[in-house]
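Participant: Starting off with a structure, shown below.
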Amino acid sequence: MRALIVIAVLAIASTAHAYPQFQLSKDQTCTSCHLSPAGGGILNENGLNVIQATSWRGDDPTPFYGAVNLPSWFALGGDIRAAGGYYGAAQNDPNRGPVLFPMQAEVSGAARLPAHFSLYVTAGLIDPEQGPDGEDPNSINTDTLFASREHWVQWQDSDGGALGLFVRAGRFMPVFGLRFVEHVDFDRRYGGTPLYGEAYGVALEEIQSSWEVHATAFVHDPWQATTELGDGAAIYAEDRIAGTTAIGIEAKYDRTTDDRKIYAGVTAKHYFASLNVLVQGEGEYIHQQVVAGGANDQILGYLLGSYYLPSGFMIDLGLGEYEPDIVTRNLTQQVADLNIHWFATSHVELILTNRLAATAWGEGSPGTGYSLLQLHYRI
């Protein structure tokens with residue numbers, strides 16, 4: 001059973017980010033709804049109104065349903081997630097079967113400071129590491145059960161506004177690509193924004209209603225467990241050509257003790273207002289140079305269509321392909337995703353997430369897949 005839990009957590013464990021599906025369909029920028037210039041986390045007043053209007057039962061969207069009176073200079077948020085369902089693979093796979101596990105339990109706080117400064121902290125339970133080398137590999141290192149995934153200080157030229165210049169320093173994930181909530185989407189899993197990929201960095205971010213640019217220099221965290229083991233820089237720029245269309249370009253350089261990676265890619269989004277459908281996609285080219293010798297080139301793409309229905313429903317259909325080495329045959333990975341979101345209340349979301357996956361589809365791969373029901377509670 002432990003093996004099932006570990007595999008499932010690695011497959012679909014998640015931390016809460018913004019839904020890119022809401023940009024263009026609900027508002028023009030992530031900062032229209034979130035305090036963070038990268039989106040995700042604590043909602044501002046407009047974000048609270050959006051989730052209240054989107055949900056089936058539009059109850060009080062404020063933290064703890066308004067039961068806690070917070071000072072005007074302090075904002076609170078948080079997320080709790082758990083999931084259960086079925087992981088399926090080849091008939092002879094010993095990990096085939098039901099799964100049930102926690103995913104996330106975090107609280108976020110943001111405090112406005114004098115002179116246009118603010119402090120943002122996210123902390124909570126994290127996926128524990130296995131025991132240190134030389135100990136029982138099935139043991140749990142309890143020192144890693146609680147940690148701060150994000151903590152940064154920010155200055156902005158407008159006092160709490162959604163637009164303008166933002167300067168951040170601290171621990172956060174560099175802004176790069178579409179950054180879907182479902183981190184198993186190929187552009188996140190292989191494209192430079194993996195789960196727990198936060199690093200220490202300094203970011204300059206300019207956000208306007210029709211365009212935005214995010215530039216970050218970063219180093220990996222030497223103290224806390226992270227999937228980002230490199231040092232480097234990332235840049236993402238997006239131009240919203242019209243109110244319903246956006247085109248983005250991206251680049252990232254990542255240097256570790258073992259390799260050097262260069263990422264380059266494009267994003268595109270278009271909202272079909274008459275159909276109430278948003279289509280967005282990302283394509284990346286990755287060049288990896290191994291320090292010990294050798295190099296390879298990778299490409300990946302992910303396309304997602306989102307259909308918004310009444311009563312708080314949103315349906316996502318995604319298709320992804322990843323080529324880990326363009327000169328080697330039969331390594332291509334393909335996925336088809338179907339996610340059904342129901343925003344039942346301003347705080348409760350149910351997500352039925354389904355995936356079919358195969359390596360070199362049509363070349364004899366047995367394929368894998370899962371079907372999971374996820375509960376998300378926003379504080």
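Coordinate-derived values only; no laboratory data. All values derive from a computational prediction rather than experimental measurement. Here the Cβ is made from the backbone with ideal geometry for all residues, glycine too, and neighbour counts use every protein chain on show.
Participant: Can you tell me, using C-alpha contacts under 8 Å and at least 6 residues apart, the relative contact order of the chain as a whole percent?
Facilitator: Relative contact order of the chain: 14 percent.
Participant: What does the charge add up to near Gln154, with Lys and Arg as +1, Asp and Glu as -1, over the other residues with Cβ less than 14 Å from its Cβ?
Facilitator: So the environment of Gln154 carries a net charge of -2.
Participant: If you don't mind, another one. Could you name the lysines in cross-link range of Lys26, using Cα to Cα under 18 Å and dropping any fewer than eight places away on the same chain?
Facilitator: Qualifying lysines at Cα under 18 Å: Lys269.
Participant: Return the long-range amide H neighbours of Ile126 (sequence gap of 5 or more, or a different chain), with a cut-off of under 5 Å between placed amide H atoms.
Facilitator: Phe146, Ala147
Participant: Could you sort 19-28, 258-267 so that the peptide with the highest average Cβ count within 10 Å comes first and the rest follow in order?
Facilitator: 19-28, 258-267
Participant: Under the Karplus relation 6.51 cos²θ - 1.76 cosθ + 1.60, θ = phi - 60°, what is the ordered set of whole-Hz ³J(HN,Hα) values for region 181-198, x standing for Gly and Pro?
Facilitator: Result, ordered by residue: 4, 6, 5, 6, 4, 4, 5, 8, 5, 10, x, x, 10, x, 4, 6, x, 5 Hz.
Participant: How high is the relative contact order of region 178-226, in percent, counting Cα pairs under 8 Å that sit 6 or more residues apart?
Facilitator: Contact order relative to length: 28 percent.
Participant: Taking 0.36 nm per residue of sequence separation and subtracting the Cα-Cα distance, how much length would be gained by fully extending the chain between Ala237 and Ala268, in nm to one decimal?
Facilitator: The Ala237-Ala268 span can extend by a further 10.0 nm.
Participant: Report the extension gain between Thr328 and Thr257 in nm, rounded to one decimal, defined as 0.36 nm multiplied by the number of residues separating them, less their alpha carbon distance.
Facilitator: That pair, Thr328 and Thr257, stretches by 23.0 nm at full extension.
Participant: Using the charge dipole of region 234-379 (Lys, Arg: +1 at Cβ; Asp, Glu: -1 at Cβ; taken about the Cα centre), state which of His270, Tyr308, Leu356 has its Cα farthest towards the positive end.
Facilitator: Tyr308
Participant: Ranking request for peptides 68-79, 287-298, 150-161, 209-220: highest mean number of other beta-carbon atoms within 10 Å first, then the rest in descending order.
Facilitator: Ranking, from highest mean packing down: 209-220, 150-161, 68-79, 287-298.
Participant: Can I ask one more? Once the Cβ-Cβ distance between Ala82 and Val291 is put in as r, and R0 is 45 Å, what FRET efficiency do you end up with, to the nearest 0.05?
Facilitator: 0.65
Participant: Would you mind working out the magnitude of the charge dipole of the chain relative to its Cα centre, with +1 at each Lys and Arg C-beta and -1 at each Asp and Glu C-beta, to the nearest 20 Debye?
Facilitator: The dipole magnitude comes to about 640 debye.
Participant: Additional query: Take Thr227 and Asn46, extend 7 Å from each Cα along the Cα→Cβ direction, and tell me the distance between the two endpoints in nm.
Facilitator: 3.1
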